[in-house]
Amino acid sequence: QVQLVESGGGLVQAGGSLRLSCAASGKIFSINVMGWYRQVPVNQRELVARITSGGNSDYADSVKGRFTISRDNAKNTMYLQMNSLKTEDTAVYYCNADGVRTMNPGLYRYWGQGTQVTVSS
């Protein structure tokens, strides 16, 4: 059973920083892409940033230049450094692992339970 556990969310003032972490556990052989998504009530979940096992990354336009995604393949862990936070960054942030190879045949996709990020003005 693969689990993703996020940490690092919280309350911060506008202009501040937070660092989110996502740790994947279980019998994992490899993870192709890991990403961060966020969701506010009544909106769809949107991609914030994602990174491949090779280190290629891309970002939503709204966070470019402020957020940095990284990962440690050996530890199956991903991070999101969020700087210059804005009130509109307030959301529940979800960790995603896609193209997960385990001892079972096939590739799988998993989600974390989410962590709240609240940016106050």
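Could you say whether any residue in the range 51-67 is touching a residue at least 40 places away in the same chain (Cβ under 8 Å), of a type in the set (F, W, Y) and farther than 20 Å from S120 by Cα?
No; the residues of the range 51-67 include none that is touching a residue at least 40 places away in the same chain (Cβ under 8 Å), of a type in the set (F, W, Y) and farther than 20 Å from S120 by Cα.
On the basis of being open to solvent by 50 Å² or more (accessible area, probe 1.4 Å), touching a helix residue (DSSP H, G or I) at 6+ places or on another chain (Cβ under 7 Å), small (G, A, S) and modelled with pLDDT of 95 or more, does S62 make the cut? Explain how you work it out, then say what you get.
Values: open to solvent by 50 Å² or more (accessible area, probe 1.4 Å): yes; touching a helix residue (DSSP H, G or I) at 6+ places or on another chain (Cβ under 7 Å): no; small (G, A, S): yes; modelled with pLDDT of 95 or more: yes.
For S62, the condition - open to solvent by 50 Å² or more (accessible area, probe 1.4 Å), touching a helix residue (DSSP H, G or I) at 6+ places or on another chain (Cβ under 7 Å), small (G, A, S) and modelled with pLDDT of 95 or more - is not met.
Go through the range 65-80 and give me each residue that's open to solvent by 60 Å² or more (accessible area, probe 1.4 Å) and either in contact with a Ser or Thr (Cβ under 9 Å, 6 or more places away or on another chain) or closer than 19 Å to T118 by Cα (or both).
Matches in the range 65-80: G65, T68, N73.
Based on this model, can you work out whether I28 counts as modelled with pLDDT under 95 and open to solvent by less than 40 Å² (accessible area, probe 1.4 Å)?
For I28, the condition - modelled with pLDDT under 95 and open to solvent by less than 40 Å² (accessible area, probe 1.4 Å) - is met.
Here are Q3, Q13, Q39: which of them is open to solvent by less than 80 Å² (accessible area, probe 1.4 Å) and at pLDDT 95 or above?
Among Q3, Q13, Q39, only Q39 is open to solvent by less than 80 Å² (accessible area, probe 1.4 Å) and at pLDDT 95 or above.
Answer yes or no: is there a residue in the range 49-56 that is in contact with a Phe, Trp or Tyr (Cβ under 6 Å, 6 or more places away or on another chain), hydroxyl-bearing (S, T, Y) and surrounded by fewer than 18 Cβ atoms within 10 Å (Cβ to Cβ).
Scanning the range 49-56 turns up no residue that is in contact with a Phe, Trp or Tyr (Cβ under 6 Å, 6 or more places away or on another chain), hydroxyl-bearing (S, T, Y) and surrounded by fewer than 18 Cβ atoms within 10 Å (Cβ to Cβ).
Check off (1) open to solvent by less than 60 Å² (accessible area, probe 1.4 Å); (2) assigned to a loop (DSSP other than H, G, I, E, B); (3) within 16 Å of Q113 (Cα to Cα) for S21 and give me the number that stays unchecked.
Every condition holds for S21 apart from (2).
Among what's in the range 81-112 and is among the aliphatic types (A, V, I, L, M) and buried (at least 21 other Cβ atoms within 10 Å of the Cβ), pick the residue that is nearest to the chain's Cα centre (by Cα). Break it down into steps so the answer makes sense when it comes.
Filtering the range 81-112 down to residues among the aliphatic types (A, V, I, L, M) leaves 82, 85, 91-92, 97, 100, 103, 107.
Now restrict to residues that are buried (at least 21 other Cβ atoms within 10 Å of the Cβ): 82, 85, 91, 97, 100.
Values: M82: 11, L85: 16, A91: 12, A97: 9, V100: 15 Å.
Among those residues, the one meeting the criterion is A97.
List the pairs whose first member sits in the range 104-121 and is in a loop (DSSP other than H, G, I, E, B), whose second member is open to solvent by 40 Å² or more (accessible area, probe 1.4 Å) and β-branched (V, I, T), and whose Cβ atoms are under 7 Å apart, counting only residues at least 6 apart or on separate chains?
Once the first residue is in a loop (DSSP other than H, G, I, E, B) and sits in the range 104-121, its partners that are open to solvent by 40 Å² or more (accessible area, probe 1.4 Å) and β-branched (V, I, T) give G112/V5; S121/T87.
The values are calculated or read from the model by the stated rules, or taken from the named source; none is laboratory data. None of the values given here were measured: they were computed from a predicted structure. Using ideal geometry, Cβ is built from the backbone for each residue, glycine included, and neighbour counts are taken over all protein chains shown. Surface areas here come from the heavy atoms of the whole protein model, side chains and all, with no ligands, DNA or RNA. Shrake-Rupley method; radii C 1.70, N 1.55, O 1.52, S 1.80 Å.
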